[in-house]
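The values are calculated or read from the model by the stated rules, or taken from the named source; none is laboratory data. Keep in mind it's a predicted model, so treat the numbers as computed, not measured. Please note: Cβ atoms are built from the backbone with ideal geometry, for glycine as well, and neighbour counts cover all protein chains shown.
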Amino acid sequence: MLPVIDIRNVHRIYESAAGYTHALKGVSLQVSRGEFLCIMGPSGSGKSTLMNTLGCLDTPTSGTFKLEGVDVSTLDDDELAELRATRLGFVFQSFNLLPRATVLRNVMLPLIYSDCPVREREERAVRALQAVSLPEAYYDHRSNELSGGQMQRVAIARALVNDPAVILADEPTGNLDSATGEMVLKTFRRLRSEGKTIVLITHDPDVAAWADRTVHIRDGKLLTDEQERALVAADHTIRSST
């Protein structure tokens, strides 16, 4: 089966007044449809650059990236914007909700600039909120009246409303306590069981444990299986000694 994400030998080099930064160094990664993948790495490892590449927010310096078989490098700015709006859903650590807008309107936002009629927008937003198990009593609440866990579920519903091929989640539990974070991760796992493809970035091994597969990135390179096992063993040793 064709992978939903297929990146091959991707490099990303940034130029600034200070010189060149080689953020990604020959990264190759395939993600199957319906897979829950975690990308794990410390600050400065290249995981945010990789997430921006997967989200079509940044362009590789070299290498190829195909999303659902489409070579992203062949698309112009308008086509990339369309791809982001229809095939990708984004979930962020800081929620990025409009604080004075209702829950329902926040979820409808990605549909406002489409040809989707108002009634259909509302119906799709309601279905997305039902998918993340947010009670209907909250739909008319402003987002700033919600708890952190509720806001993140609204953010996930907003990511779902266009029925994307991939949900990209960047440290989605970073601002949540452990119990609330677990609730959000259960939501991702349930969505995966319903066929959604999820790529989650984290530095937390407890969060990574919820995924089907975890890849580690260090210094712009994805580690081999052997390197990953050594990293996990070292982390276990450190935890045992503390």
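Numerical summary
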| read-out | value |
| --- | --- |
| Strands (runs of 3 or more DSSP E) wholly inside region 1-103 containing at least 1 residues that are over 23 Å from R124 (Cα atoms) and within 17 Å of the chain's Cα centre (by Cα) | 5-16, 19-31, 36-40, 62-67 |
| Test for Q130: is it modelled with pLDDT under 90 and either in a helix (DSSP H, G or I) or among the basic types (K, R) (or both) | no |
| Residue within region 74-81 that is at pLDDT 90 or above, out of contact with any helix residue (DSSP H, G or I) (no Cβ under 8 Å at 6 or more places or on another chain) and polar (S, T, N, Q) present | yes |
| Which numbered condition L67 misses (of (1) out of contact with any helix residue (DSSP H, G or I) (no Cβ under 8 Å at 6 or more places or on another chain); (2) farther than 28 Å from S147 by Cα) | (1) |
| Subset of region 157-169 that is out of contact with any Pro (no Cβ under 8 Å at 6 or more places or on another chain) and either part of a helix (DSSP H, G or I) or not small (G, A, S) (or both) - its residue that is surrounded by the fewest Cβ atoms within 10 Å (Cβ to Cβ) | D163 |
| Residue ID - surrounded by the fewest Cβ atoms within 10 Å (Cβ to Cβ), chosen from residues in region 170-210 that are of a type in the set (D, E, K, R) and closer than 25 Å to R87 by Cα | E194 |
| Test: I167 is closer than 25 Å to A81 by Cβ and either small (G, A, S) or at pLDDT below 90 (or both) | no |
| Among the candidates L111, L134, L146, residue that is more than 27 Å from M40 (Cα to Cα) and touching an Asp or Glu at 6+ places or on another chain (Cβ under 9 Å) | L111 |
| Number of the exception - L50 against (1) out of contact with any Lys or Arg (no Cβ under 9 Å at 6 or more places or on another chain); (2) more than 18 Å from Y113 (Cβ to Cβ); (3) of a type outside the set (V, I, T); (4) buried (at least 17 other Cβ atoms within 10 Å of the Cβ) | (1) |
| Residue that is touching a residue at least 12 places away in the same chain (Cβ under 8 Å), within 30 Å of S193 (Cβ to Cβ), surrounded by 14 or more Cβ atoms within 10 Å (Cβ to Cβ) and among the polar types (S, T, N, Q), where the choices are S28, S32 | S32 |
| Boolean, R33 is under 23 Å from D212 (Cβ atoms), in contact with a strand residue (DSSP E or B) (Cβ under 7 Å, 6 or more places away or on another chain) and among the charged types (D, E, K, R) | yes |
| Within region 69-94, considering residues that are within 18 Å of L160 (Cβ to Cβ) and of a type in the set (A, V, I, L, M), the one surrounded by the fewest Cβ atoms within 10 Å (Cβ to Cβ) | A85 |
| Of residues in region 139-154 being in contact with a Ser or Thr (Cβ under 9 Å, 6 or more places away or on another chain) and part of a helix (DSSP H, G or I), the one surrounded by the fewest Cβ atoms within 10 Å (Cβ to Cβ) | G148 |
| Residue selected from region 14-47 under the condition among the polar types (S, T, N, Q) and touching a Lys or Arg at 6+ places or on another chain (Cβ under 6 Å), by the criterion modelled with the highest pLDDT | S28 |
| L109 vs. criteria surrounded by fewer than 20 Cβ atoms within 10 Å (Cβ to Cβ), touching a helix residue (DSSP H, G or I) at 6+ places or on another chain (Cβ under 7 Å) and under 22 Å from R153 (Cβ atoms) | yes |
